[in-house]
1. Within the bounds of the range 66-77, is there any residue that is among the polar types (S, T, N, Q), free of Cβ contacts under 8 Å to residues at least 24 places away in the same chain and assigned to a helix (DSSP H, G or I)?
2. With G93, G99 as the choices, which residue is more than 20 Å from the chain's Cα centre (by Cα) and surrounded by 16 or more Cβ atoms within 10 Å (Cβ to Cβ)?
3. Just a yes or no: is a residue in the range 72-79 polar (S, T, N, Q), surrounded by 12 or more Cβ atoms within 10 Å (Cβ to Cβ), more than 31 Å from the chain's Cα centre (by Cα) and at pLDDT below 95?
4. Return yes when G107 is surrounded by 12 or more Cβ atoms within 10 Å (Cβ to Cβ), without any contact (Cβ under 8 Å) to a residue 40 or more places away in the chain and either closer than 23 Å to Q48 by Cα or hydroxyl-bearing (S, T, Y) (or both) and no when it is not.
5. Within the range 67-90, which residues are aliphatic (A, V, I, L, M) and touching a Pro at 6+ places or on another chain (Cβ under 9 Å)?
6. With respect to Y157, is the statement that it is surrounded by 11 or more Cβ atoms within 10 Å (Cβ to Cβ) and in contact with a Lys or Arg (Cβ under 9 Å, 6 or more places away or on another chain) true?
Amino acid sequence: MFRNIQTIGIQNLKRFNYRTSFNQGSFRFQSSTSSQFSWVEYFKLKKQQNIVNIVASTFTSVGGGLLTLAYLGNVELDPEQPIMGFDPIMIMGGVVLLGGGAGWLVGPFLGTSVFNLFNRSITAQFRTKHEIFLNKIKTNRVDPSSQSFSNPVPDYYGERIYSLNGYKQWLRDCNTFRRKSKEFI
């Protein structure tokens, strides 16, 4: 009974009529052989994509820093001549850090490509669920104009939600934020 309600979804639960659904044959039971993409699978893949992006960002950050260091190792600089009033070694260190930062920013593009390559068969379903998830986040997020140190905004973009329990907790946090902002302001 409860599995059937989860398959239908909370939004459709109010409109669900047992008699019409069973008579029309539109009710689908959740089985292991169905090709439906569940929210549990979506959150697992979302977490996997985040891990792949972080690993890719780490490698591209190190690679960007090393490439910048290799390039700057071949440039001739006078160590006694300041560059814009700063020590050349400090400038070179800052440029190596900038190269690593640029590599960190390139990482998610590479990570998403790798993730899509390994999950080709379900990429379309994943993107569809991702759009639905982002629309749910957009409709349920709070107005950040009333935030304070004692009442911070919950995860505005839903980036740290990796499970159904996490989503429910995020909804509770959003409701708590709304309640506190109405009571104290």
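The values are calculated or read from the model by the stated rules, or taken from the named source; none is laboratory data. Every value quoted in this text rests on a predicted model; they were computed, and no experiment measured them. All Cβ positions, glycine included, derive from the backbone under ideal geometry; neighbour counts span all protein chains shown.
1. no
2. G99
3. Among the residues of the range 72-79, not one is polar (S, T, N, Q), surrounded by 12 or more Cβ atoms within 10 Å (Cβ to Cβ), more than 31 Å from the chain's Cα centre (by Cα) and at pLDDT below 95, which makes the answer no.
4. So G107 does not fit the description; no.
5. The answer is L77, I89.
6. no
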